Amino acid sequence: MPVVAQETTAAPKLSAPTITIAVDASEAPRKIFHAQMAIPASPGALTLYYPKWIPGEHGPTGPIQDLAGLKFTANGQTLKWRRDLLDGWTIHVEVPAGASVVNASLDFISPTGEEGIYTAAASATEKMTVLSWNTVLLYPAGYTSDELTYQASMRLPQGWKFGTPLPIASQSGAEINFKPASLTTLVDSPVIAGEYLRVVPLSENPRQEMDIAADSAGDLDAPQEVLDHYKTLTDQALKLFGAQHFRDYHFIYSLSDHVAHFGLEHHESNDSRSSERSLVDEDKRLLASGLLSHEYVHSWNGKYRRPADLSTPDYEKPMQDDLLWVYEGLTSYLGDVLGARSGLRTADQFRDTLASIAARLDHVPGRTWRNLQDTADGVPSMQTASNQWESWRRTVDYYDEDVLNWLWVDTIIRQQTHGQKSMDDFCHLFHGGQSWPPEVKPYTFEDVVNTLNQVAPYDWRGFWTERLTNHGPGAPLTGIEGSGWRLVYDEIPSELIKVRKHEYKEINAEYSIGLLLEESGNIVDTVEGMPAAKAGIGPGMKVTAVNGRRFSAEVLSDALKAGKNSSDPIELLVENTEYYKTYKLDYHGGEQYPHLVRNESKPDVLTEIIKAR
Ligand SMILES: [Zn+2]
């Protein structure tokens, strides 16, 4: 059923207005964006919304606190306005007699530092910015985002270049005029701009390219081999899905240590942001190696196919996140698989990533009180939770745990069909169809189950119901085991764990004594039921010494190793709210780092899964 996301209403509607918006981004390095809008209106009450529920952000994250300088005029007269008392994103304006247009001016103050999440977080530096249109506009109540047309223009700082999927009408120096677009398309089409911007063509017909902006020219000097992996990614994705649902596609990639790091999917682009040297430094490249493939998969899984209750008519109606185990979980699985098929990760790196995911999820005592379904249901109200107590609170596990679950599904399909079918067949059925233009085809739990049954008859309803509601114990490892591999622990950290330690200054003792620490000794998390927690240690405390010596990663590592051949407990001197206490951990298991090893008694299905098509 080819469908558009919108709900239809029976009552006839006045034709939707065309709104003009001019954004002045010439002060982007000051982190302030000015916008002027002309909104057709009639005398009386006008209700305007600032976008609240931002697609892909899974919550009411529109940065209303950073909307400033708001002023309305009509026929040269300043208008009264008032914020709605029940919804801070809603603005009521009094339109005087004789007025047919309301002019709005507003500023978006882009945050610096750690404030905000996703597009509401730091988005501008001295040398580059990403403009998310939802941060600089208002829209009138009474229309869907598909019905409203925006005529947009933008002014950049002098000398900056830009990239965007939004079709361009004309350009003159720093001024860009875009073709009229629906509000849906506008919000779906960010603009990346900067002094140092490199366009890397990936494919023609349809045109696919990377638009990379960085804080210095040297950051853009990626090895050709790396860029070739992204070309391969576009080819492997088309082979996986069988169709493309965009007119053209832009990987909008920010390389800066001064913008927030995340990825946000769009239909015809992704807004991915990583540390400054992510393309040129091998370690940083490994840490960012899963980002773009994940966001790219979303064009099919999340944008084209979207949970029905996430397919909302505007940005005011709340979104419901119960199907994120498909929207995000399947995207994470396919993103990892495509990354390996494209060479963005080696087979070893793919398995190390899978081992890290499996080990973390195998140490989530929070699953005893909170099932996987609730990690999705709770997102709108919980996604800003701290990473302290993460193993007990649970985090957004529908990403990683559903990598394990969808791998399990892949192995079941292969078993049931004696190797004739796989998740690739599911993707062709579910995400394929006719190529472009962009459309939204909503789905429900039933549609997922039915498509799985079309590929391989099985009790998929029972499978997913159990997966989403069980309380463990332990992670779902059946997919890894069914693919011919086993999760094991030994004393040798993987390349991935070594790089994380080096780059994130993170010390992983989660699978030995149940401690995740910063390099300083600050405790990020303790795993309930493991030696540190049982001894009385908790998140927010700080380890200052180990066995009488000042704390460092090496001192802790030495003590864990020495404990294997000693009956003495490991002594941790811990500071807690200005008090010091010694905790004795009766632990003798040494360091524990996860790996996948082959189970030679079974065929190597995992290697088959990540083989390039
Ligand atoms: Zn995602």
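The values are calculated or read from the model by the stated rules, or taken from the named source; none is laboratory data. Note that the structure is a prediction, hence the values are computed from the model and not measured. No Cβ is skipped: glycine too gets one built from the backbone with ideal geometry, and neighbour counts run over all protein chains shown. Heads up: the accessible areas ignore ligands, DNA and RNA and are worked out on the full protein's heavy atoms, side chains in. Shrake-Rupley method; radii C 1.70, N 1.55, O 1.52, S 1.80 Å.
Structure notes:
- Sole residue being open to solvent by less than 20 Å² (accessible area, probe 1.4 Å) and either within 32 Å of the chain's Cα centre (by Cα) or of a type in the set (A, V, I, L, M) (or both), chosen from 605, 597, 543: 543
- Within segment 499-522, one or more residues are aromatic (Phe, Trp, Tyr) and open to solvent by less than 60 Å² (accessible area, probe 1.4 Å).
- Some residue of segment 17-30 being more than 30 Å from residue 301 (Cα to Cα), touching a residue at least 40 places away in the same chain (Cβ under 8 Å), over 31 Å from the mean Cα position of the chain (by Cα) and open to solvent by less than 40 Å² (accessible area, probe 1.4 Å): yes
- Restricting attention to segment 95-115, the residues being closer than 19 Å to residue 68 by Cα and part of a strand (DSSP E or B) number 8.
- Residue list for segment 221-275, filter: open to solvent by less than 20 Å² (accessible area, probe 1.4 Å) and part of a helix (DSSP H, G or I): 226, 227, 230, 233, 234, 236, 237, 240, 241
- Taking every residue in segment 140-162 that is open to solvent by 50 Å² or more (accessible area, probe 1.4 Å) and pairing it with any residue that is charged (D, E, K, R), at least 6 positions away or on another chain, the pairs with Cβ-Cβ distances below 6 Å are 155/24; 155/175.
- The single condition from (1) away from the ligand (no atom under 14 Å from the Cβ); (2) in contact with a Lys or Arg (Cβ under 6 Å, 6 or more places away or on another chain); (3) within 16 Å of residue 191 (Cα to Cα) that residue 268 fails is (2).
- Of all the criteria given as (1) within 26 Å of residue 385 (Cα to Cα); (2) in contact (Cβ under 8 Å) with a residue 12 or more places away in the chain, the one not satisfied by residue 86 is (2).
- Members of segment 150-207 that are more than 20 Å from residue 137 (Cα to Cα) and among the acidic types (Asp, Glu): 195, 204
- Scan of segment 287-309 for residues that are among the aliphatic types (A, V, I, L, M), under 18 Å from residue 349 (Cβ atoms) and more than 11 Å from the ligand (Cβ to nearest atom), ordered by number: 287, 288, 292
- Selection within segment 330-348: residues that are of a type in the set (A, V, I, L, M), open to solvent by less than 10 Å² (accessible area, probe 1.4 Å) and away from the ligand (no atom under 12 Å from the Cβ). The member of this set that is nearest to residue 463 (Cα to Cα) is 337.
- Qualifying residue in segment 513-529 (condition: closer than 30 Å to residue 285 by Cβ and touching a Phe, Trp or Tyr at 6+ places or on another chain (Cβ under 7 Å)): yes
- Applying the condition of being among the acidic types (Asp, Glu) and over 16 Å from the mean Cα position of the chain (by Cα) to segment 360-411 and asking which residue is nearest to residue 56 (Cα to Cα) yields 377.
- Residues that are surrounded by 17 or more Cβ atoms within 10 Å (Cβ to Cβ) and closer than 30 Å to residue 196 by Cα, drawn from segment 89-116: 106, 107, 108, 110, 111, 116
- The set of residues in segment 406-463 being of a type in the set (Ser, Thr, Tyr) and assigned to a strand (DSSP E or B) consists of 443 alone.
- Residue match in segment 68-81 (condition: within 31 Å of the chain's Cα centre (by Cα) and buried (at least 22 other Cβ atoms within 10 Å of the Cβ)): no
- Boolean, residue 60 is in contact (Cβ under 8 Å) with a residue 60 or more places away in the chain and within 16 Å of the ligand (Cβ to nearest atom): no
Each row is one residue, and each column tells you yes or no for (1) at pLDDT below 95; (2) assigned to a loop (DSSP other than H, G, I, E, B); (3) within 24 Å of residue 303 (Cβ to Cβ).
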| position | (1), (2), (3) |
| --- | --- |
| 158 | no, yes, no |
| 169 | no, no, no |
| 177 | no, no, no |
| 192 | no, no, yes |
| 198 | no, no, no |
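- Looking only at residues in segment 291-322 that are of a type in the set (A, V, I, L, M) and in contact with a Ser or Thr (Cβ under 8 Å, 6 or more places away or on another chain), the one that is surrounded by the most Cβ atoms within 10 Å (Cβ to Cβ) is 297.
- Selection over segment 316-329 of residues that are out of contact with any Gly (no Cβ under 7 Å at 6 or more places or on another chain), in a helix (DSSP H, G or I) and either more than 18 Å from residue 295 (Cα to Cα) or within 10 Å of the ligand (Cβ to nearest atom) (or both) gives a count of 2.
- Test set (1) touching a residue at least 40 places away in the same chain (Cβ under 8 Å); (2) buried (at least 24 other Cβ atoms within 10 Å of the Cβ); (3) within 15 Å of the ligand (Cβ to nearest atom) - residue 354 fails condition number: (3)
- Residues of segment 379-437 that are touching a Pro at 6+ places or on another chain (Cβ under 8 Å), within 16 Å of the ligand (Cβ to nearest atom) and at pLDDT below 95: 380 alone.
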